[in-house]
1. If the only charges are +1 at each Lys and Arg Cβ and -1 at each Asp and Glu Cβ, what is the size of the charge dipole of segment 38-167 around the Cα centre, to the nearest 20 debye?
2. With 10 angstrom as the radius, rank Arg137, Arg203 by how many other C-beta atoms surround their C-beta, starting from the fewest.
3. Using Cα-Cα distances under 8 Å and only pairs 6 or more residues apart, what relative contact order does segment 38-167 have, in percent?
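Each value in this text was obtained by applying a stated rule to the coordinates, not by laboratory testing. Because the structure is a prediction, the values reported are computed rather than measured. No Cβ is skipped: glycine too gets one built from the backbone with ideal geometry, and neighbour counts run over all protein chains shown.
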Amino acid sequence: MDFIDGVMVLRRRWWIFLLGLGLIAGGVVVVRSVVPVQYQASGLMLFLLPADAPEGNARVNPYLNLPSGLTTTASLIASEAVSDDVAGELADAGFDAAYSVALVPDTGPLLTITATDTDNDVAVATRDAAMDWVEARLVDIQDSVDAPESQVMYTTRTSVTTTAEVLSGSRLRAMAGAAAGGLVLLLLAVFVIDRFLTRRERRSVPVAVAAAPPDPDESAVERDAPEEVESAAAAPKAGSGRSGRSGRSGRTKKRPRPKVSR
């Protein structure tokens, strides 16, 4: 089936196509009402060096001795923040929104923290809890190595919004998927129904011809035809009877011979 044949099928079964479009529109509306709106709260955390630099042979924060010490430390904490243990700890505390902590590429020791949920307040609270955890973890790892107070790294928050951003992409994707899937199923249904109805119409054509009322002119011819046939059949019978009688009359009976007495 080429494109022209498909167009002809849609034109022939346009009422099925329109009915299917109405059902698809209704399905899209249902999907829009069922799929919840997503809210995303985000913020940035920048790792900074201490204000006082080490002098001479004074003790040094070992994390500062790492290559790109601030960036490496930020990357380590970000990886730990998204582990199952930390996610479970936050969820147990009531912060169960989906969140992420990642190092922003090519920007140095800068973390981006985002939380997504169907509830605006839950998304904001989970983001703030994740940022609090990062700050507390940074202090803990430096205390564990007895870093000098003058070299303790710290973070500063920026781009932290008080309300979450509405994400309409998830709902739009669900609606687009429902519309595309419904359209494919509709086209398939139209072609299948058209084939079924076409076969049914072809089978019903002989029945319709046989059940059609007779033509008046043809009926008159059929009424006259038997009389002509009967007259034609009667003529040979009459002739055959005459010929039979003439044949019998033309025969001569043999007379019996007289008996001679001795």
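1. Values: 4 positive and 20 negative charges, 96 e Å.
Rounded to the nearest 20 debye, it is 460 debye.
2. Working: Arg137 15, Arg203 9.
With the fewest neighbours first, Arg137, Arg203 line up as Arg203, Arg137.
3. Numbers: 238 pairs, mean separation 59.8, N = 130.
RCO, segment 38-167: 46 percent.
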